[in-house]
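What follows is calculated from the coordinates using simple rules that are stated; it is not laboratory data. It should be emphasised that the depicted structure is a prediction, and the values quoted were computed from it without experimental measurement. When we count neighbours, we look across all protein chains shown, and the Cβ atoms used for this are built from the backbone with ideal geometry, even at glycine.
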C-alpha cells in the first residue's frame with residue numbers, strides 16, 4: 001500500500017500553536033498498525049465552530065452527527081475526535097450508535113455535552129467502526145493534549161496521503177494579531193475510501209458562530225470547492241473551523257464583519273494553501289493543473305466550463321502524456337453544457353494562445369507549449385469570448401499511478 | 001499506435017446488402033497511410049434520412065452541415081461521404097468550405113443537390129481537412145460502389161477501434177420482409193480525437209423522413225445514449241439512418257407508425273448491438289459493465305444514478321482491479337445529485353445483494369462476488385427503494401490501457 005511521495009509534494013511548514021486548542025494523537029489500530037490513527041482535540045470554553053460538509057447524498061454517520069450537533073449547540077464546540085482507516089459510512093444504526101458513544105466519551109473528558117463534540121472519520125466504507133478502540137485511548141489523549149501538536153495531528157489523519165498537509169497565517173483584528181492554523185488530509189476531493197478530504201482549522205480569534213459559518217462557506221467556495229481530482233465526491237468530506245476566543249481583540253458582533261476583512265483574507269489564503277496541497281497529493285498526480293476560464297456570461301458558467309475541463313479524463317491523460325492536445329479542451333468546453341459560441345472560443349497553454357476565435361492560430365508554433373507541458377505546473381487558459389465573468393479551478397493529471405492506487409486499494 | 005484487439009471483441013457478423021444503397025471505400029491518405037480511410041455511399045432516388053448528432057456545444061463542421069442539410073432538404077438524401085483521420089472540428093471558415101466542396105463534388109457524381117449529401121469526419125481536432133484528397137478519389141468510388149460492401153465500409157471508418165463493428169436485422173412491414181444493416185466506429189462514446197462515435201444504418205424500407213427521425217431518436221435513447229466509456233462527449237458523434245424505399249411493402253404515412261412496430265424493434269436491437277460493440281471496444285477496456293438501477297422516482301432519476309456509477313473513475317478502476325468495492329457505488333449514488341434515501345439503498349454485484357437498506361447484509365459472503373468480478377461481464381444492480389422507475393446503462397472498466405492510448409495519442 002505504500003506509494004511513493006508525490007513529486008508535487010511541499011514540505012510541511014511550521015504550524016503555529018493556537019491558544020485554547022490542545023491536541024493529541026494515538027494509535028487505535030483501527031486499520032493501520034504501528035502508526036497513529038486517532039486525533040483528539042479539546043477547545044477552551046466559549047469556542048465557536050462552523051463546518052462545511054460533503055454534498056454527497058449518502059453522507060457518513062459522522063457528517064450527519066456534526067451537522068445536527070452544530071445546529072443543536074448553535075456552534076458551541078469543546079472537542080473533536082477524528083479517526084483514519086474506517087469511514088463509518090453506510091453502517092446504518094450501528095454507525096449512528098458509534099458516533100453517540102464516541103461523542104459521549106469525549107464529552108465526559110472535556111466536561112461538556114455530547115453535542116459539543118465534533119466527529120470525523122475517513123477510510124473504508126460499509127464496515128462497522130470499532131469505536132471501542134477509539135474510546136479506550138481517549139483518556140490518555142485528553143491527558144496528553146497540548147497546543148503544540150499540529151504537525152503530529154496532520155500525520156495522524158493521513159490515509160493514502162503521501163505527505164502531511166498544514167498551514168498557518170496571522171491576521172489583524174483591530175490592533176491585535178490573531179493566528180490561524182489548519183491541517184488537511186486527502187488525495188484529492190475524491191474517494192469514498194481512503195481519499196476523503198478532511199480539514200480542521202483553529203484560530204484564537206473570538207468570532208460569533210454565525211459569522212464564522214458565513215466566512216468559512218465563502219472561503220471554501222474559492223478554495224476546496226475549486227479543486228478536483230477525479231470528479232468523485234467523498235461521503236465524508238468535512239471542513240471544521242474552531243475559534244477559541246483567546247485573543248484579546250475588540251468584540252465582534254454577528255452583524256459586523258468589517259473588522260474581519262484581514263482575518264478573512266488570511267483564512268482564504270490558508271484554505272487555498274491546504275486545498276492545493278490536497279491536489280498536489282492527488283492520487284498518482286505528476287502535474288498540477290491550473291485552469292482559468294474567462295469571457296463567460298456568469299461566474300457559475302465559467303466554473304462549469306472550468307470543471308468540465310478539470311474532470312475530463314481525456315485532458316488529464318493528455319497532460320500526463322505531455323501532449324498539448326488543445327482539441328480536447330474544445331471538446332470539454334462543448335460538453336460542459338454551458339452555451340458557448342464555438343467561433344469565439346480561444347485557448348492557451350503556458351501563456352501561448354494556440355487557438356483564437358474558433359480556429360487554430362495562424363503559424364502556431366507548438367515548441368514553447370511542449371516545453372511548458374513538460375514541467376510540473378501546467379496552466380490552461382480559456383476565453384469564451386462571451387462576457388466578463390471568470391473562474392479558476394485546480395486539478396492534477398490522470399496517470400498510471402491513479403489506476404495502480406485505486407485498482408488495488410482494498411487488496 | 002497499434003493496440004491489441006479488445007478481449008471483449010465480437011466477430012463482425014455477415015452484413016446483408018440493402019437494395020438501393022451502394023458503397024465503396026478508398027485510400028485518401030488523410031492521416032493513415034496504406035489503409036482505406038474514405039467511405040462513399042450512394043442511395044436510390046427517393047431515399048429518406050434521419051440523423052442524431054452530438055450534444056457537444058462545439059460540434060464539428062460536418063455535424064453543422066448535416067443538421068442544416070437534413071432540415072433544408074426535408075430528409076431527402078442521395079449520398080454520404082465519411083473520412084477517418086481528421087475530424088474537421090474547430091477549423092472555422094476553412095472547415096465550412098471543406099464541407100461545401102466535398103458535398104458539391106459528391107452531389108455532381110450522385111446527380112443531386114449538395115444539400116442531399118451527408119458528411120461525417122472523425123480524427124484529430126483543429127487541423128484543416130485536406131478535402132482535395134477526398135474529392136480526388138470520389139469519382140473512382142462512385143464507379144466502384146456496390147451493395148455488398150458493408151464489411152469493407154465498417155473497416156474504412158475505424159480509427160483507434162480494435163475491431164470492425166456491424167449488424168444486420170430483418171423485420172416485417174405488412175407481409176413484406178425488410179432488411180436493416182448498420183456499421184459503427186468508436187472506442188467509446190468518448191473522445192474528440194480518434195474515438196468519435198459514428199454510425200451509419202440503411203434499410204430498404206420506405207419510411208417518411210419525419211417518422212424515420214422520430215423512430216431513430218427513440219432507438220438512440222435506449223442504446224447509444226445509454227452507454228458511456230469515460231463521460232467525455234465527442235464533437236463529431238453522428239448516427240445517420242437511410243431508408244431507400246426499395247422494398248415493396250404497403251405505403252406508410254407520417255401519421256401512421258403502427259405498421260412499424262416490428263421494424264422499430266429490429267432497429268432497436270440493431271442499435272443496441274452496435275452500441276454494445278462500441279463499449280466492448282472502449283479504450284483499454286477489459287470488462288463490460290452493465291448497471292441496472294431500480295426503485296427510482298423517475299426514469300430520468302434512475303438514469304442519472306446509473307450514469308454517475310458508470311462514469312465514476314473510482315468504480316471503473318476498482319472493477320479493473322477486480323475489487324468488489326461496493327462502498328464506491330454508495331459514493332456514486334450519493335454524488336449523482338438525485339435525491340435518494342441512503343437508508344433504503346441496496347446494492348448487488350453478480351446477482352448477490354451485498355448491501356440492503358443502507359447497511360451491509362448480515363453475514364455477507366464476498367466469495368461469489370469475487371468470482372463474478374473476475375469474469376469479463378460485470379453486473380451491478382442498485383435499488384434506490386424509492387419508486388418503480390428503472391434504467392440500464394453499459395460501460396467498461398478504466399485500465400492502464402486507457403492511459404496508454406490517451407496519453408500518447410498524438411505522439
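I'd like the FRET efficiency for residue B:136 and residue A:132, computed as 1/(1 + (r/R0)^6) with the beta carbon distance as r and R0 of 56 Å, rounded to 0.05.
0.10
Binning every alpha carbon pair distance of region B:209-274 at 10 Å from zero, what are the percents per bin?
The distribution over region B:209-274 is 17, 49, 24, 9, 1, given as percents.
Under a crude label model (7 Å from the Cα following the beta-carbon direction), how far is residue B:376 from residue B:221 in nanometres?
Going from the residue B:376 label point to the residue B:221 one covers 3.3 nm.
Rank the residues A:392, A:233 as a footprinting-exposure proxy: fewest other Cβ atoms within 10 Å of their Cβ go first.
A:392, A:233
Output the antiparallel fraction of DSSP beta bridges having both residues in region A:288-407, as a percent to the nearest 5. Please list the in-between numbers first.
Values: 16 of 23 bridges.
In region A:288-407, DSSP labels about 70 percent of beta bridges as antiparallel.
Relative contact order of chain A: what whole-number percent is it, with Cα pairs under 8 angstrom and at least 6 residues apart?
18 percent
Going by Cα centres, region B:204-226 and region B:6-52 are how many Å apart?
When both Cα centres are located, 19 Å separates them.
Averaged over its residues, how many other protein chain Cβ atoms are within 10 Å of peptide A:232-239's Cβ atoms? Can you show the working numbers first?
Working: counts 10, 8, 4, 8, 1, 0, 0, 0.
What the average comes to for A:232-239 is 4.
Relative to the first principal axis of the alpha-carbon coordinates of chain B, what is the inclination of helix B:299-310, with its axis defined by its Cα atoms, in degrees from 0 to 90 and to the nearest 10?
80 degrees
Would you kindly work out, in nm and rounded to one decimal, the distances from the label point of residue A:258 to those of the same position in each other copy, ordered shortest first, with label points 7 Å along Cα-to-Cβ?
7.8
What angle, in degrees between 0 and 90 and rounded to the nearest 10, separates the Cα long axis of helix A:61-72 from the longest principal axis of the Cα atoms of chain A?
Between helix and principal axis, roughly 70 degrees.
Considering every pair of different Cα atoms, what Kirkwood radius, in Å, is found for the protein assembly as shown?
28.2 Å
At 222 nm, what value in deg cm²/dmol follows for chain B if DSSP H runs of at least 4 each add -39500 (n - 2.57) and the sum is divided by all its residues, to the nearest 500?
Only helices count here, giving -9500 deg cm²/dmol.
Just to be sure I understand: of the beta bridges DSSP finds with both ends in the protein assembly as shown, what percent are antiparallel, rounded to 5?
In the protein assembly as shown, approximately 70 percent of DSSP beta bridges are antiparallel ones.
Using Cβ contacts closer than 10 Å as the measure, can you line up A:323, A:148, B:362 from fewest to most?
Taking fewest neighbouring Cβ atoms as first place, the list is B:362, A:148, A:323.
With everything on Cα atoms, drop me the angle between helix B:209-221 and the longest principal axis of chain B, reported from 0 to 90° to the nearest 10.
Rounded to the nearest ten degrees, it is 30.
Residues of A:354-364, mean number of Cβ from any other protein chain within 10 Å of their own Cβ, rounded to a whole number? Spell out each step's value before the answer.
On the way: counts 1, 4, 1, 1, 6, 8, 8, 0, 0, 0, 1.
Neighbouring Cβ atoms belonging to other protein chains average 3 per residue here.
Listed highest first by mean packing, meaning other Cβ atoms within 10 Å per residue, what order do A:42-54, B:274-286 come in?
Values: A:42-54: 21.3, B:274-286: 26.0.
Final packing ranking: B:274-286, A:42-54.
How would region B:301-354 be classified by its alpha-carbon gyration tensor: rounded, prolate or oblate, with rounded meaning a/c under 1.5 and the a/b versus b/c comparison settling the rest? Please report the intermediate quantities before stating the final value.
Details: a/c = 2.01, a/b = 1.30, b/c = 1.55.
Oblate, because a/c is 1.5 or more while a/b does not exceed b/c.
So for region A:254-321, Kirkwood radius off the Cα pairs, Stokes-Einstein at 37 °C and 0.692 mPa s: how many µm² s⁻¹? Walk me through the numbers on the way to the answer.
Numbers: Rh = 14.7 Å.
D, rounded to a whole number, is 224 µm²/s.
Which residues does a label at residue A:71 reach in region A:205-230, if reach means a backbone N under 15 Å from a point 7 Å past the Cα toward the Cβ?
Of the residues in region A:205-230, none has backbone N under 15 Å from the label point off residue A:71.
For B:244, B:228, which order do you get if you count the other beta carbons within 10 Å of each Cβ and list the fewest first?
Lowest count first: B:228, B:244.
Indicate the gyration tensor shape class of region B:288-407 (rounded, prolate or oblate), computed on the Cα atoms with a ≥ b ≥ c the square roots of the eigenvalues: a/c under 1.5 is rounded; otherwise a/b larger than b/c is prolate and the rest oblate. Show your work: numbers first, answer last.
Numbers: a/c = 1.98, a/b = 1.27, b/c = 1.56.
Verdict is oblate for region B:288-407.
Can you pull a Stokes-Einstein diffusion coefficient for region B:21-280 at 10 °C (1.306 mPa s), Rh from Kirkwood over Cα pairs, as a whole number of µm²/s?
In µm²/s, the coefficient rounds to 89.
For chain A, give me the percentage of DSSP beta bridges that are antiparallel, rounded to the nearest 5 percent.
Roughly 70 percent of the DSSP beta bridges within chain A come out antiparallel.
Label region B:1-100 by shape, choosing from rounded, prolate and oblate, from the square roots a ≥ b ≥ c of the eigenvalues of the Cα gyration tensor; if a/c is under 1.5 it is rounded, and otherwise prolate applies when a/b is larger than b/c, oblate when it is not.
oblate
Shielding of B:331-340 by partners, i.e. mean partner chain Cβ atoms within 10 Å per residue?
6
Which value in nm describes the separation of the simple spin-label points at residue A:33 and residue A:94, placed 7 Å from the Cα toward the beta carbon?
2.2 nm
Identify which of A:61, A:97, A:153 has the largest mean-square fluctuation in a Gaussian network model of chain A, with springs joining Cα atoms closer than 10 Å.
Ranking A:61, A:97, A:153 by mean-square fluctuation puts A:97 first.
Region B:339-411 to region A:124-157: how many Å between their Cα centroids?
33 Å
How much length is gained if the chain between residue A:146 and residue A:253 is pulled fully straight, taking 0.36 nm per residue apart and subtracting their Cα-Cα distance, in nm to one decimal?
Stretched fully, the residue A:146-residue A:253 segment lengthens by 35.5 nm.
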